[in-house]
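Below is one structure; the comments refer to it alone.
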Amino acid sequence: MKLSVITINYNNCNGLKKTIESVVNQTSIQYEYIIIDGGSTDGSVDVIKEYADKIDYWVSEPDKGPYNAMNKGARVATGDYVIFMNSGDYFYSNDIVNCFLFSNPTEDVICGNVYRSTGQIDIPPIKENLTFLYFYKYSLPHQACFIKTSVQKQFPYNENLKIVSDWEFFLKILIINNGTYRKIDKIISYYDCCGISSINHKLHANERVTILQSMFPNRILEDYRLNTASDFRRLFLLIAETKIHKPIYVINVLLIKFISLFTGSKWINDFKIKEKV
């Protein structure tokens with residue numbers, strides 16, 4: 001059993017060094033290390049060369065974005081499983097590879113926990129079979145997911161997406177194709193929250209909507225949209241389906257805002273956020 005650790009990087013010299021050190025300091029040697037650099041000009045290549053004797057494959061050349069780079073890494077992977085530990089992210093401890101190998105992996109996806117740079121620990125659900133409802137609301141952190149290499153190669157990332165291609169990938173293999181999944185209760189990685197997927201919330205939401213609409217009939221999405229909405233959103237979604245929704249909507253907004261005058265500004269601000277959704 002061998003694990004392929006793949007790191008993609010572009011002009012993140014300091015983050016890359018942290019990532020590399022977390023990989024090469026693993027107590028297990030049953031892994032290969034692959035680095036795909038997008039033609040960095042900030043000294044990243046010098047860092048790669050510094051550790052070249054501990055890297056099994058690396059290349060530095062222009063690419064078409066992060067998912068193109070991740071696909072390039074997966075194509076050359078020879079391990080039984082792959083994990084993407086991109087520059088700025090790093091293994092939480094030096095025994096992660098050993099922990100994974102000793103877990104007797106057989107599933108398509110095995111997922112652990114992630115420690116975010118904000119201090120929060122992401123703990124995906126401990127369930128054998130994740131439901132569509134979970135992916136409708138959340139995703140899995142790829143920095144904590146060990147994925148069968150054969151599955152990763154069969155379903156390459158959608159390079160037309162900027163942010164949510166890994167989410168689409170998990171949706172395809174675990175929901176559409178009924179793939180197998182297992183949770184291990186261990187922090188796998190430290191996740192740098194400064195990436196585009198963490199700060200561009202509008203693009204993130206728009207891409208998710210586009211993917212869902214391309215994969216599922218609208219009648220199914222409407223059920224999930226209504227049943228996963230907050231109380232206020234659910235109220236206004238129901239109002240929107242009535243024939244006289246406009247006057248009812250206006251009356252409800254005025255009534256709620258009038259009541260909110262007696263319940264504090266925090267409630268008012270909370271309502272304004274939900275009203276815009």
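The values are calculated or read from the model by the stated rules, or taken from the named source; none is laboratory data. Treat the numbers as computed from the prediction; the structure is a model and nothing was measured. Cβ sites come from the backbone with ideal geometry, for glycine too, and all protein chains shown count toward neighbours.
Going through the range 150-171 one residue at a time, which ones are part of a helix (DSSP H, G or I) and either outside the structural domain of residue 99 (by TED's automatic domain parsing) or in contact with a Ser or Thr (Cβ under 6 Å, 6 or more places away or on another chain) (or both)? So that I can check it myself, show each step before the final result.
Our first condition is that a residue be part of a helix (DSSP H, G or I); within the range 150-171, this holds for 150-154, 165-171.
Within the range 150-171, just 167 meets the criteria.
Matching residues to (1) among the β-branched types (Val, Ile, Thr); (2) in contact (Cβ under 8 Å) with a residue 12 or more places away in the chain:
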site	(1), (2)
80	no, yes
88	no, yes
97	yes, yes
107	no, yes
142	no, yes
150	no, no
164	yes, yes
168	no, yes
171	no, yes
Is there a residue being in the same structural domain as residue 164 (by TED's automatic domain parsing), under 18 Å from residue 157 (Cβ atoms) and under 21 Å from the mean Cα position of the chain (by Cα) anywhere in the range 13-25? no
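Which is on the phi > 0 side of the Ramachandran plot and either surrounded by fewer than 16 Cβ atoms within 10 Å (Cβ to Cβ) or not charged (D, E, K, R) (or both), of 86, 104, 98, 94? Show your work before the answer.
Working: 86 fails: on the phi > 0 side of the Ramachandran plot; 98 fails: on the phi > 0 side of the Ramachandran plot; 94 fails: on the phi > 0 side of the Ramachandran plot.
Checking each option against the conditions leaves just 104.
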Tally of residues being buried (at least 19 other Cβ atoms within 10 Å of the Cβ) and part of a helix (DSSP H, G or I) across the range 36-67: 5
